[in-house]
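One structure coming up, written as structure tokens, with questions to follow.
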Amino acid sequence: MTDISMGNSSHPRKTTSLHSIDARTKRRNASETRFRYYGISAVFIGLLFLVFLAASILRSGLPVFTQWTLNTSFSLTQEEFDKAEKSILKTKSYESLFNQFLLEKLQRKGIDLEFDKKSIERILGKTGGILREYYRSNPDKLGEPVDFALSTSSRIDGYFKGRIKRENVTDSRFLQKSDIDLAEAMRDSGLIKRAFNWNFIFGADSGVDNPGGAGIGASVVGSFFMMLVVLLLSLPIGVAASIYLEEFAPQNRITDIIEVNISNLAAVPSIVFGILGLAVFIQFLHLPQSAPLVGGLVLALMTLPTIIISTRVSLKAVPPSIRDAALGVGASKMQSVFHHVLPLAMPGILTGTIIGLAQALGETAPLLIIGMVGFVARGYPETFLDGFVEPNSAMPAQIYTWAARADAGFYEKAWGGIIILLAFLLSMNIIAIILRRRFERRW
């Protein structure tokens, strides 16, 4: 049986050629082609969603960077100023003086429309407070013409931008159809013009009654002081802990527990750090509530795991031959780490730090817990130290506050704030990429 020739077998072996593709190879090639198309489709769908998100944000937020304003020259005499300051309703007195001045100017422009006495207030908002603050700060301007650019109310501004339609307007104490006619006449005569809204970028929150005058500038300053605290605390502590764990710490059960806890802390929800900050920094240490110092301490705790993990990865990426060569020429362990390993790992460390700061910049939940959302920042800190300890807001908290208010003008401000926040985040990530490509060495 064993001597039977293979050529006499009843099932001859099928031969194939290298120049032809068999069925199995065709199926494998088809599977690879399908997988490639799946990947391309996934990337395309992701880009489609990204474009849709960016278009939605830009469409809703870009209008806030322009504002319809009344540009006029107004003069207040010393006698009128003294009379207004002696009045019980000081702000109302300034507003009455300006309204009378504007009515006379409308008559000289030939605008003869029927409107009630409160139409100007509904078109421009409460101008008395602006005039009172200006002339109290600049008494030398009394008797001289002063150019004012007064923002229109959120409803008139929304009408000119197309957010409010005339057919949807019903007469109320906030807006009447006659107000729209008067505002259109003032626009046609050149009194009301569209201009870039610098106040939104450099201004401060104006409270719930004046969405047109709200700005995000003070919140940007609050975020700056918070990020300064985060940087000064998380970078040295995170890098020092990473160097010890990676280069000097013995491999035992204690270091294993520390490494596991660091990885777990990186996955803890940010609101937990907010509760920790409320309990420790505010209730126990009695630090000022709503202060950037407390916000920075909370965000530093949240950022530390990210910096430690990224720094350890950067240190591991340095080839062991660098350490061996340094030790071989007589350098100590510390000298080999600080003179050779750390400079080579610095690009990755800086990249991880910037990404951690960008993550902290956009966090809202911890700031809600420590009370930064409950404070309305209406001005800049007077001194550098006040920037840390005085109550202030931050960009994410300010955006949340605007989005929670009922007026549609604040909702538009929230979209504009998101654009500014994304611009900061995008800039920080671009800096991280540039640093990595500038200093990275390939082995």
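Using a 1.4 Å probe, how large is the accessible area of Glu104, given in Å² and rounded to the nearest 10?
Only protein atoms counted, so the area is about 80 Å².
Now for a separate question. Over the chain, average the accessible area per residue using a 1.4 Å probe and give it in Å², no decimals. Before the final figure, lay out each step's value.
On the way: 25780 Å² over 443 residues.
Averaged over the residues of the chain, the accessible area is 58 Å².
Tell me, how many Å apart are the Cα centres for the range 171-211 and for the range 396-423?
18 Å
Under 18 Å from the 7 Å Cα→Cβ point of Leu53, by amide nitrogen: which residues of the range 399-443?
400, 415-430
Arranged from highest to lowest average of other beta-carbon atoms within 10 Å per residue, in what order do the peptides 286-294, 107-115, 80-88, 233-241 appear? Numbers along the way, then the final one.
Details: 286-294: 20.3, 107-115: 11.6, 80-88: 13.6, 233-241: 18.4.
The densest-packed peptide leads the list: 286-294, 233-241, 80-88, 107-115.
What nm value, rounded to one decimal, do you get for the distance between Arg36 and Gln78 when each label is placed 7 Å out toward the C-beta?
8.7 nm
At R0 = 60 Å, how high is the FRET efficiency between Asp140 and Asp171 if r is their beta carbon distance? Nearest 0.05 is fine. Mind dumping the intermediate values first?
Details: r = 43 Å, r/R0 = 0.72.
About 0.90, to the nearest 0.05.
Quickly estimate the mean residue ellipticity at 222 nm for the chain, helices only: each DSSP H run with n ≥ 4 gives -39500 (n - 2.57), and the total goes over all residues, rounded to 500.
On the way: 19 runs with 265 residues, N = 443.
That comes out to -19500 deg cm²/dmol.
Then there is this: Percent of accessible area on the chain owned by carbon and sulfur, 1.4 Å probe?
62 percent
The values are calculated or read from the model by the stated rules, or taken from the named source; none is laboratory data. Being a predicted model, the structure only gives us computed values, none of them experimental. Cβ coordinates were reconstructed from backbone atoms using ideal geometry, including for glycine residues, and neighbour counts include every protein chain displayed. Quick note on the areas: whole protein, heavy atoms, side chains included, nothing else; ligands and nucleic acids left out. Shrake-Rupley method; radii C 1.70, N 1.55, O 1.52, S 1.80 Å.
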